[in-house]
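Below is one structure; the comments refer to it alone.
What follows is calculated from the coordinates using simple rules that are stated; it is not laboratory data. All values derive from a computational prediction rather than experimental measurement. Here the Cβ is made from the backbone with ideal geometry for all residues, glycine too, and neighbour counts use every protein chain on show.
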Amino acid sequence: MRPSMKMGMIVLIGVFVVFYQYHLSTGVGFDQLTDFNADGSAEGGSVLSQEDAEPKFAEEMIKSAVHRVQEANGLSPDTASMLVQELVNHLHKNIPELSENNTRIVQRFESPTKNDLPQEQDTLIKSNKTLEPLYIITPTYRRPEQIPELTRMSHTLMLVKNIHWLVIEDAAVATKQVTRLLERTGLKFEHLTAPMPEKYKQKKGAKPRGVSNRNRGLQWIRANATNGVFYFADDDNTYDIALFDEIRKTKRVSMFPVGLCTKFGLSSPIIKNGKFVGFYDGWIAGRKFPVDMAGFAVSVKFLLQRPNATMPFKAGYEEDGFLKSLVPFEPKDIEFLADNCTKVLAWHTQTKKNEPSAPLNMKLYGETNLVKLKQQIV
């Protein structure tokens, strides 16, 4: 036999063997193949089972492959017949082993039933389904830092289970960039608007920023929620993921420390010998509840029982006014979280203010990528 003929035969038969073993390993079934007659036609043949059809189909492929080599390279009939027989014998010898391996592979990747799950995993699945929702109310407004800060915050919230993010802009019309960002997060969200009333915008001095936004969030919760916990989370703060596990424990009103807050660097209830004795904050100012906006969470059911609770348009007294509106509620009723107020899980990081970006010179850059980039920068 010429070397070229040997090489052609080996390559062709090798391709067949690889193909057939791949077929067995992937579990592809020929469950409706018919019995081939001498000329390769399926007419008049009986329908075979998968167990019978696969070897039969493979034998026909072997005969066909050897026949093509015989025609192209001049194999003698005896050599061709012997080659077919050897390959068929090899095929039948390996089918049981391959089929057994294939069965093990299929069994390995079968989805476990509920009874097969470890007890800890089954418990975790059940607990995730029973987690009450967390409603995160975030007031925001258009500025250079808005998208970066909402991006950072969204990456934290993506790690929290069963969360509903209420992002409320101080604007008459929702910003499209904010909407696109929220859609990309995959979080359950509401993008609402609540502009500050004009009379407060015109007021000199400190303005009650974010009040209209937060009251709009309370309005949404009253109309749409029945249980869970809500939390006022400004977009310029930084939150430890553990905070959200903590506030989920809230039954009425909970409180916890906030770092980088006021000249004291901290705002927190004071606990002595396991008992509440007062508040530590850089600005007490006669407030009954001198706490930071990021330092408390409230039960939805608790809020729904107090239909008149609202946040006042009084700069510096927003938190105090809202907490006092939750009557009946006193400092002695506070639930202290974060290991009895010994851990800081929220910080007033407050991103550096940036100047608005300079207008783009369209004569120089009108046909460049800078046009699209500038649309993302305020």
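Computed extension gain for M158 through V173, at 0.36 nm per residue and net of the alpha carbon distance, reaches 2.8 nm. Rg over Rh for region 154-238 works out to 0.98, using Cα positions for both radii and the Kirkwood form for Rh.
Amide H contacts for F279 (H built 1.01 Å from N in the peptide plane; partners 5 or more residues away or on another chain; cut-off under 5 Å): I270.
If the Kirkwood radius is taken over C-alpha pairs of region 177-311, then at 37 °C and 0.692 mPa s the Stokes-Einstein diffusion coefficient equals 192 µm²/s.
Scalar couplings 3J(HN,Hα) for region 333-346, obtained by applying the Karplus form with A = 6.51, B = -1.76, C = 1.60 to θ = phi - 60°, are 8, 5, 9, 9, 9, 6, 6, 6, 6, 10, 10, 8, 10, 9 Hz; x denotes Gly and Pro.
In the frame of its principal axes, region 225-378 has Cα extents of 68, 36, 31 Å, reported largest first. Between L370 and M61, the contour length at 0.36 nm per residue exceeds the alpha carbon distance by 105.2 nm. FRET efficiency for the D333 to L260 pair, using the beta carbon distance and R₀ = 22 Å, is estimated at 0.20.
Taking a spot 7 Å from the Cα of A223 along the direction of its beta carbon, which residues of region 162-188 have an amide N less than 12 Å from it? None, by backbone N distance to the label point. Around the amide H of I168, modelled in the peptide plane, lie the amide H atoms of T138, T140, L192, all under 5 Å away and 5 or more residues distant in sequence or on another chain.
Near K176, once Lys and Arg are set to +1 and Asp and Glu to -1 for all other residues with Cβ below 15 Å from its Cβ, the sum equals +3. Viscosity 1.306 mPa s, temperature 10 °C: Stokes-Einstein D of region 189-237 from its Kirkwood Cα radius, in µm² per second? Diffusion coefficient, whole number: 126 µm²/s. With K and R counted +1 and D and E -1, the other residues having a Cβ less than 11 Å from that of P133 yield a net charge of +2. Summing charges over all other residues whose Cβ lies under 14 Å from the Cβ of N340, with Lys and Arg as +1 and Asp and Glu as -1, gives +1.
Taking the centroid of alpha carbons for each part, region 257-294 and region 133-161 are 25 Å apart.
On the basis of the beta-carbon distance and an R0 of 25 Å, V277 and K343 show a calculated FRET efficiency of 0.85. Rg/Rh, computed from the Cα trace of region 210-267 with Rh as the Kirkwood radius, has the value 0.99. Once the chain from K301 to K249 is taken as fully extended at 0.36 nm per residue, the excess over their C-alpha distance is 17.4 nm.
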